[in-house]
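Comments concern the structure below.
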Amino acid sequence: MSDARGNRVGDKIALVTGAAMGLGRAIALRLAEEGATLVLADVDASGLAETERQIKSRGWPATAVIADVTEEAPVKALFAAALAAHGKLDILVNDVGGGTSGHVWEAKVEDWDHVIRLNLRSAFLCTREAAAHMRARRSGRIINLSSGAREGTPWTAYYIGNSAYSAAKAGIHGFTRGVALELAESGVTVNAVAPGPIETERTGPGFRQIEQLEYGPIRATPLRRIGVPADVANAVLYLASDEANYITGVTLAVAGGR
Ligand SMILES: NC(=O)c1ccc[n+]([C@@H]2O[C@H](COP(=O)([O-])OP(=O)(O)OC[C@H]3O[C@@H](n4cnc5c(N)ncnc54)[C@H](O)[C@@H]3O)[C@@H](O)[C@H]2O)c1
């Protein structure tokens, strides 16, 4: 028995990376709720199986593919599997990202490289596969996850430091602009969403812990609340839908006015 389902991305095939938890899971569920058939990618097999279960339990189609999207071979295999199963790909959401490098004066080179790789190399590798296919079809949507951190984040800077993450998420903005221009004449749009502080399993406890300090995330957010995953998922859905046909190269802040 399938739940009532919207149609804002009906008949679309959508691939979401980082779909095992957090924003990736929320984005996958929201796209499924509006008619998309999901290909879910992550390195976390059990989280991925849970996202797949949540979608399928409502009678909607989804397949899970375990893939490290920072490596070329698994990314090629992931896209080959998606295209073999569905014959096309309409929407790519590059959600994988995160990581911490620490304060710059003591940051380790390997931590810096890890953060850049997790956020930027993953987006490049997945976008390269999607772009070749979407360009040939003259249709498609690519949505990247940037962050409010692309301009620096006060509480992160003060308490843990993470300039590699800021650099990577600013890089996502530039990557989005560049690829949007490259693909514009093929009718493929490329945009980014830049969340502010969003409560997930991973981030929630940390946000609560620092709220009483001088640079608490709620006090630094004009709308005076931490965002919820649905805030981000709705923005991604909008950019993936036909409602956003004339929007490309944009980084949309979903950050409560930050
Ligand atoms: N949560 C926030 O407050 C927030 C704010 C701004 C931006 N973002 C961005 O949104 C995205 C999602 O954030 P989140 O908080 O949901 O992250 P998260 O850490 O909760 O989830 C990330 C997912 O990516 C997966 N993953 C990690 N490395 C991978 C790899 N190499 N290959 C495949 N999968 C891998 C993890 O297993 C996990 O399921 C990230 O790009 C993050 O930088 C999040």
Per-region count, the range 229-258, residues assigned to a loop (DSSP other than H, G, I, E, B), in contact (Cβ under 8 Å) with a residue 24 or more places away in the chain and more than 10 Å from the ligand (Cβ to nearest atom): 9
Which numbered condition Leu23 misses (of (1) crowded, with 23+ Cβ neighbours inside 10 Å; (2) more than 10 Å from the ligand (Cβ to nearest atom)): (2)
Any hit, the range 62-78, residues being surrounded by 15 or more Cβ atoms within 10 Å (Cβ to Cβ), away from the ligand (no atom under 16 Å from the Cβ) and in contact (Cβ under 8 Å) with a residue 24 or more places away in the chain: no
The range 125-152: number of residues that are within 10 Å of the ligand (Cβ to nearest atom) and either part of a strand (DSSP E or B) or in contact with a Phe, Trp or Tyr (Cβ under 6 Å, 6 or more places away or on another chain) (or both): 3
Test: Gly35 is near the ligand (Cβ under 7 Å from one of its atoms), within 19 Å of Tyr238 (Cβ to Cβ) and either touching a residue at least 24 places away in the same chain (Cβ under 8 Å) or not polar (S, T, N, Q) (or both): no
Elements of type helices (runs of 4 or more DSSP H) in the range 1-95, at least 3 residues being under 21 Å from Leu120 (Cα atoms) and out of contact with any Cys (no Cβ under 6 Å at 6 or more places or on another chain): 22-33, 72-86
Inter-residue pairs, beta-carbon under 9 Å, first under 25 Å from Ala19 (Cα atoms) and in the range 98-117, second part of a loop (DSSP other than H, G, I, E, B) and among the hydrophobic types (A, V, I, L, M, F, W, C), 6+ apart: Thr100/Ile160; Ser101/Ala107
Hey, Arg202 modelled with pLDDT under 95 and either touching a strand residue (DSSP E or B) at 6+ places or on another chain (Cβ under 9 Å) or near the ligand (Cβ under 10 Å from one of its atoms) (or both) or not: yes
Unique match (being at positive phi and more than 15 Å from the chain's Cα centre (by Cα)) among Arg177, Arg224: Arg224
Evaluation of Ser122 against (1) within 15 Å of the ligand (Cβ to nearest atom); (2) free of Cβ contacts under 8 Å to residues at least 24 places away in the same chain (one fails), failing number: (2)
Residue identified as at pLDDT 95 or above and within 16 Å of Arg135 (Cα to Cα) among Val193, Val188: Val188
Number of positions in the range 162-206 that are of a type in the set (A, V, I, L, M, F, W, C) and part of a loop (DSSP other than H, G, I, E, B): 0
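Residues checked against (1) touching a helix residue (DSSP H, G or I) at 6+ places or on another chain (Cβ under 6 Å); (2) crowded, with 23+ Cβ neighbours inside 10 Å:
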{"position": "Ala157", "(1), (2)": "no, no"}
{"position": "Ala168", "(1), (2)": "yes, yes"}
{"position": "Gly174", "(1), (2)": "no, no"}
{"position": "Leu181", "(1), (2)": "no, no"}
{"position": "Ala192", "(1), (2)": "yes, yes"}
{"position": "Tyr215", "(1), (2)": "yes, no"}
{"position": "Arg219", "(1), (2)": "no, no"}
{"position": "Leu223", "(1), (2)": "no, no"}
Subset of the range 119-155 that is within 24 Å of Val43 (Cα to Cα) and of a type in the set (Val, Ile, Thr) - its residue that is surrounded by the fewest Cβ atoms within 10 Å (Cβ to Cβ): Thr127
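The values are calculated or read from the model by the stated rules, or taken from the named source; none is laboratory data. On a predicted model such as this, the values are computed, not experimentally measured, just so you know. We place every Cβ from the backbone using ideal geometry, glycine too, and count neighbours over all the protein chains shown.
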